[in-house]
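First up is the structure itself, then whatever we jot down about it.
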């Protein structure tokens, strides 16, 4: 039998990152920050508070709140977590546990950049997503303002192989498209407008028979984005305030960490 | 066949209230609110509508399981469409969001639910924006809020965006995530209908299921049940992708032969190649081969053929594909997405991935296939949720159906590795720290 490949290990000899990071046992765990002494940008506070108002239990707003804080700070920095914790009256540990679970919430510092997710799941990889991913990585080599990562199924196998560029789905992509994506990003224009999913017509013959004409993919005639302006396409906006009234006796029970 | 969900779905502006109403939108809601709750529920039961998310449980029965009485009950629409190969809800929400909104309101009325949520996956930004605009329009028009259309019924609807986690598509994982926690699945029972969101009775349904509700009310449950087969009523959106000429979403009547979908609608594999294997219901369903192409596409026939209808996502691989590549992709995906709560799933997915990666390096022996098969058996049914099963079933079926091919792969790789320096992992970029084969002693 051939020699086994060594198991990658971290400097401390374990396969688990950070398992032996020193813990200061003399220090108490971080408590819920005092809102009076924790500065929070007004916009962020408003956004978090209106998120909390939508749910019977304010903790439900943890993900929207962390999203909002991430938009302000670039990632879920300790400062961002503290600010969310102060507004939501939760411990920083609780919010960190949530942030670390989800792929779209970042705990590592990162510069401002464009995100290119290439789907490399089954359908896309059957149609050449792995090669596309390599080509995209090669195309952006050395450019730190574009961050390329392979992603699990993004739910657009009909346009495989595809990518999500700053949230905009484009596909099917060929070998020339990575370069074009990069050029479009640098020029600040919509990425591959002819390949965006918002313009994709249904393939079902039953639909086609009933509707011969399909609106041309031009920006003025975007039927499926009515009521939305161009600028807020890619941002996580707040919904309309839902008509929820919580009678006093039904207000959320105090969180155990508060008592 | 007449399209129901996809009826003129490409009509420009269908996402706006104006066009939707012009086409008769929200008339079903008016009709439902004019009926006693029990009659709406009876319609849902009569329709025989089965859940379109994967499990195929009867929707009307789910509603009837909700406890009666004056308590805080919840409706959650599962729009966390993450099953590899599935993209039907995306098109539905993007092109006809009001259909879903109307369905949610009617279903909430049937279950006397006052608070509803739509949990949409974070990656669907365009669809979430469109849905949010639709909800705002519907609220302004008085379809959502206090005393809807002058009736005694009030309901709120909140769109909740996820943040990227496959496991949140599992209903109890989704509930935890919606409560603002890590999306870990819960032990069942109690089922969500008894104790779900905020420990209240909760109705959870897929986007397609809820979007069908207005049509059931419009047509009448018994009329709807005439479509499809006796136990799989209605139409189904099928997402077909992979090696086919015309990938996309098709609305089909349940019970038509699978061949008609793969060859008739999607055009079959390009260049006249043969189908080698296909997933009938998303990547979690056991694979079928070209011998199964004539199986009728409905819940029971698929189960009888040893697979499942699942979310209705067909992935086709033609004869030029290696089973091993797809198996490795699958295992890697589930190992990454396992939440880590249950040992059989956390370790089983990880080990399966490592054992498959080992085949590429020439370190595997044919005996590994037996071990792999036994690992799959030990995952199935032993976890809180079915994420582990979702890997174990397709991988198990691949090992069983393509054993000869996998054995040949193992032998070929061993021969290659025998002469060369075998420290290099060949293949699909698996040489990352999670995939490094490790000694088994």
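Please treat every number below as a calculation from the coordinates, not as lab data. Computed from a predicted structure; not experimentally measured. Cβ atoms come from the backbone with ideal geometry, glycine included; neighbour counts cover every protein chain shown.
Among (1) part of a strand (DSSP E or B); (2) touching a helix residue (DSSP H, G or I) at 6+ places or on another chain (Cβ under 7 Å), there is one condition residue B:286 misses while meeting the rest; what is its number?
(1)
Where the second residue is surrounded by 22 or more Cβ atoms within 10 Å (Cβ to Cβ) and assigned to a loop (DSSP other than H, G, I, E, B) and the first is more than 11 Å from every other protein chain (Cβ to nearest Cβ) and lies in segment A:191-207, which pairs have Cβ atoms under 9 Å and are six or more apart or on separate chains?
Close Cβ pairs (under 9 Å, with a partner that is surrounded by 22 or more Cβ atoms within 10 Å (Cβ to Cβ) and assigned to a loop (DSSP other than H, G, I, E, B)) amount to A:192/A:171; A:192/A:173; A:195/A:162; A:195/A:171; A:195/A:173.
Out of B:302, B:372, B:367, which single residue is surrounded by fewer than 21 Cβ atoms within 10 Å (Cβ to Cβ) and either over 21 Å from residue B:246 (Cα atoms) or touching a strand residue (DSSP E or B) at 6+ places or on another chain (Cβ under 6 Å) (or both)? Spell out the reasoning first.
Details: B:302 fails: surrounded by fewer than 21 Cβ atoms within 10 Å (Cβ to Cβ); B:372 fails: surrounded by fewer than 21 Cβ atoms within 10 Å (Cβ to Cβ).
Answer to the selection: B:367.
All but one of (1) crowded, with 18+ Cβ neighbours inside 10 Å; (2) within 11 Å of chain A (Cβ to nearest Cβ) hold for residue B:245; which doesn't?
The one condition residue B:245 does not meet is (1).
With the requirement that a residue be part of a loop (DSSP other than H, G, I, E, B) and more than 9 Å from chain B (Cβ to nearest Cβ), what does segment A:54-96 give you? I'd like the intermediate steps shown before the answer.
Kept after step one, since they are part of a loop (DSSP other than H, G, I, E, B), are these residues of segment A:54-96: A:54-57, A:74-77, A:89-91.
Within segment A:54-96, A:74, A:75, A:76, A:77, A:89, A:91 qualify.
Can you name the residue in segment B:168-196 that is assigned to a helix (DSSP H, G or I) and facing chain A (nearest Cβ under 9 Å) and is also surrounded by the fewest Cβ atoms within 10 Å (Cβ to Cβ) among such residues?
First, pick out the residues of segment B:168-196 that are assigned to a helix (DSSP H, G or I): B:168-169, B:171-178.
Pick out the ones that are also facing chain A (nearest Cβ under 9 Å) and you get B:168, B:177-178.
On the way: B:168: 31, B:177: 28, B:178: 26.
Looking at the filtered set, the residue picked out is B:178.
If you scan segment B:140-153, which residues turn out to be assigned to a loop (DSSP other than H, G, I, E, B) and within 19 Å of residue B:214 (Cβ to Cβ)?
B:141, B:142, B:143, B:144, B:151, B:153
Would you confirm whether or not segment A:160-167 contains a residue that is under 27 Å from residue A:61 (Cα atoms), assigned to a loop (DSSP other than H, G, I, E, B) and free of Cβ contacts under 8 Å to residues at least 40 places away in the same chain?
Checked against the condition, which is being under 27 Å from residue A:61 (Cα atoms), assigned to a loop (DSSP other than H, G, I, E, B) and free of Cβ contacts under 8 Å to residues at least 40 places away in the same chain, segment A:160-167 yields no hits at all.
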